[in-house]
Amino acid sequence: MKKILVANRGEIALRIMKTCKKMGIQTVAVYSETDAHSPHVQFADESILLGPAPSNQSYLKGELIVEKALELRVDGIHPGYGFLSENANFARLVTNSGITFIGPSPEAMEIMGSKLGAKAAVKNYDVPLVPGTEEAISNVNEAKKIAQSIGFPVLIKASAGGGGKGMRIVEAENEFEEALNRASSEAINAFGDGSVFIEKYLGNAKHIEIQVLGDQQGNVVYLFERECSVQRRHQKVVEEAPSAILNAETRKKMGQAAVQVAKACSYTGAGTVEFIYNQGDFYFLEMNTRLQVEHPVTEMITGLDLVEWQIRVARGEALGFKQSDLNINGHAIEIRVYAEDPLNQFLPDVGKLKRYREPNGEGIRVDSGFVENMEIPIHYDPMLAKLIVHGTNREEAIQKTLKALNEYEIEGVSTTLDFCRFVLTHKSFLDGSFTTRFVEQFFKPELLRDQVPENIEAIAAAVASELIHRHSNLNGKELSKNSLSSWQLRQGF
C-alpha cells in the first residue's frame with residue numbers, strides 16, 4: 001500500500017497517520033467544516049472536505065468517502081473507531097470498489113455486530129456465556145418468566161451497537177415492562193434496531209477484555225488482557241494492562257476463549273473480545289471488530305504497533321510470531337481525558353482550549369486531537385486526548401500517571417483529569433478490588449472539591465515567586481499605601 005485514507009477524525013486519525021508515515025505510506029485525511037484546521041488535517045499529505053459538522057453530513061457519508069478515495073487513487077481505507085468502523089455495508093462498499101478495507105470482512109462484522117448473533121456463533125465453542133436469552137424478546141410475559149427463572153436483577157441489552165445505549169438494569173419484576181420499552185426505544189433511536197435480550201446482571205463484576213490479532217492465513221493470537229472496569233454511563237474512563245487480579249491460569253483460559261471467538265467468525269486484523277469477570281468465573285459479552293480506544297496499553301506491554309499489524313494483515317502478510325513468542329512487559333495505564341464535568345454528572349463541556357500543555361517524559365505517551373486555542377465542537381465525542389503511561393510494574397505505572405496528571409495543563413473547559421486522579425489514589429483501585437460499580441459506590445462530586453493537589457508545594461513556590469517579582473517592581477516607585485493590594489503589603493502572610 002502506498003496511500004491510505006483514514007475515514008475518521010481527531011486523535012485516532014492522527015495516531016493512524018503517524019504509523020503510516022513510519023511505514024512510508026502517504027495519508028489522506030477527511031474532515032468536516034468545523035475540523036478544517038484540526039491536527040489530523042494538517043498532518044496528512046492530502047485532505048478532503050466532506051461537508052458540514054454533523055456526522056451524518058460528513059464522517060458518516062460512506063459513498064462520498066469511497067468516491068473521493070477512488071479519485072485520489074487510494075490503496076486502502078482505515079476506519080479508526082466509531083463512525084463507520086463497524087459498518088458492514090461500508091466495508092463491503094470499500095472492498096467492492098477495489099480498495100482494501102483495513103479491518104475484518106463484512107461477514108465477520110455482521111456476525112459480531114449483533115450481540116445475539118455473536119452468542120449464536122460461539123455457543124458451539126468452549127466459550128462461557130452469561131445466563132440469559134439466546135433470541136430477541138418478542139413477548140413481554142414470556143420474557144418476565146425467563147427473568148424470574150434467571151433471578152433478579154437482570155440486564156436488558158440492545159442486540160446492536162454499544163456504548164451503554166439500550167441498556168437497563170432491572171431490580172424487580174414490577175420494573176421490567178417499563179425498562180424493556182425504554183431500552184428498545186433507545187436502541188431504535190441509536191442503532192435503528194430495537195431488538196433487545198436479557199442477561200443475568202452481575203453487579204460486582206469486572207470488565208476485562210482480550211486483544212486478539214488474526215491474519216488471512218488462519219493464525220490467531222491473543223495479546224493479553226485489559227482491565228476496563230472504571231466506567232461512567234457504561235463507558236470507560238481508566239484502563240490498564242494487564243489486570244491486577246488475573247493469575248496466569250485464568251489469563252491463559254480467557255485468552256484461549258478469545259481466540260475461539262475470533263475463529264468463530266474467521267476474524268482478521270486487530271479485534272477485542274470482551275468478558276465479564278466475577279469471583280474467578282468469566283463470561284463472554286461481545287466482540288468489537290474494530291480497533292479499541294484503549295489499544296495503546298496493549299502496545300505498551302507487548303511492544304507491538306497494532307495499527308501497523310492491521311495494515312500488514314490487510315495486505316496479506318502472515319503474523320511474524322506465535323503465541324509462545326509473546327510476553328507481558330511491565331504495566332500500562334490509560335487515562336481518557338474528556339471535556340466533561342465530573343461535578344455535574346459527567347456532562348460534556350464545550351468551549352475554547354485557552355491553555356493546553358501535555359506532560360512528557362520516559363514511558364509517557366499522549367494521543368491527542370487538539371492543540372491550544374482550538375474550539376471543542378459539540379457534534380462529536382468529548383474526548384480530548386488519551387494519556388498512556390508505562391512502568392516496570394503497576395505501582396510505578398500508577399505513580400508515573402499521577403505525576404503526569406499533575407503536569408497536564410488544560411484551561412477553558414472542565415475535564416476528567418481530577419476524577420482520574422481520584423481513581424488512581426482510591427484504595428479499591430490500588431488493591432485491584434474495584435468493579436464496574438466504582439463510580440456508583442465510591443465517587444461523590446464533593447470529594448473532588450475537597451481534593452488537595454499533590455503539587456501544592458509547586459503552587460506555593462509559584463505564588464512566592466510572583467510576590468517577589470511584584471515586590472521588586474515596586475522599587476523606585478512612589479505609591480501610596482492605599483494603592484497597594486494586600487499581596488503587595490504582605491499583610492497576614
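The values are calculated or read from the model by the stated rules, or taken from the named source; none is laboratory data. Model, not experiment: these values are computed from the prediction. Because the Cβ atoms are built from the backbone with ideal geometry, glycine has one as well, and the counts that use them run over all protein chains shown.
Total residues in region 36-95 satisfying the condition of being farther than 26 Å from E375 by Cα and among the aromatic types (F, W, Y): the figure is 1.
For every residue, the table says whether it meets (1) aliphatic (A, V, I, L, M); (2) within 22 Å of L60 (Cβ to Cβ); (3) in contact with a Phe, Trp or Tyr (Cβ under 9 Å, 6 or more places away or on another chain).
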| residue | (1), (2), (3) |
| --- | --- |
| P104 | no, yes, yes |
| M109 | yes, yes, no |
| A120 | yes, no, no |
| N139 | no, no, no |
| K144 | no, no, yes |
| G164 | no, yes, no |
| I169 | yes, no, yes |
| S195 | no, yes, no |
| K206 | no, no, yes |
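In the set (1) surrounded by fewer than 17 Cβ atoms within 10 Å (Cβ to Cβ); (2) at negative phi, the condition left unmet by Q345 is number (2).
Take region 170-226 and flag every residue that is acidic (D, E), buried (at least 17 other Cβ atoms within 10 Å of the Cβ) and farther than 30 Å from I311 by Cβ. Across region 170-226, the qualifying residues are E186, D193, E199. Within region 428-435, is even one residue modelled with pLDDT of 65 or more, touching a Pro at 6+ places or on another chain (Cβ under 8 Å) and in the same structural domain as Q345 (by TED's automatic domain parsing)? No, the conditions are met nowhere in region 428-435.
Scanning region 196-226 for residues that are free of Cβ contacts under 8 Å to residues at least 60 places away in the same chain and either in a strand (DSSP E or B) or among the aliphatic types (A, V, I, L, M) (or both) yields V220, E225. Of the residues that sit in region 366-421 and are touching a residue at least 60 places away in the same chain (Cβ under 8 Å) and touching a Cys at 6+ places or on another chain (Cβ under 9 Å), which one is nearest to L447 (Cα to Cα)? Here the residue is L405. Taken over region 67-105, the criterion of being assigned to a helix (DSSP H, G or I) and either surrounded by 23 or more Cβ atoms within 10 Å (Cβ to Cβ) or not assigned by TED's automatic domain parsing to the domain that holds R15 (or both) is satisfied by A69, F90, A91, V94. A147 meets the conditions (1) among the aliphatic types (A, V, I, L, M); (2) in a helix (DSSP H, G or I); (3) at pLDDT 90 or above; (4) closer than 30 Å to P382 by Cα in every case but one. The failed one is (4). Selection of region 120-133 for residues being of a type in the set (D, E, K, R) and either modelled with pLDDT of 90 or more or surrounded by fewer than 11 Cβ atoms within 10 Å (Cβ to Cβ) (or both) yields only D126. Within region 153-195, track down each residue that is among the aliphatic types (A, V, I, L, M) and either touching a residue at least 24 places away in the same chain (Cβ under 8 Å) or within 18 Å of S85 (Cβ to Cβ) (or both). Passing the criteria: V154, L155, I156, A158, A160, M167, I169, V170, L180, A183, A187, A190. Among strands (runs of 3 or more DSSP E) entirely within region 251-349, having at least 1 residues that are farther than 30 Å from Q26 by Cα, among the β-branched types (V, I, T) and in contact (Cβ under 8 Å) with a residue 24 or more places away in the chain singles out 269-278, 331-338. Applying the condition of being within 27 Å of the chain's Cα centre (by Cα) and basic (K, R) to region 88-138 and asking which residue is farthest from A257 (Cα to Cα) yields R92. Within region 38-46, none of the residues are in contact with a Pro (Cβ under 9 Å, 6 or more places away or on another chain), closer than 23 Å to R336 by Cβ and at pLDDT 95 or above. Exactly one residue among V122, V154 is in contact with a strand residue (DSSP E or B) (Cβ under 8 Å, 6 or more places away or on another chain) and not assigned by TED's automatic domain parsing to the domain that holds D193, and that residue is V122. Number of residues in region 426-450 that are more than 29 Å from Y201 (Cβ to Cβ) and touching an Asp or Glu at 6+ places or on another chain (Cβ under 9 Å): the value is 0.
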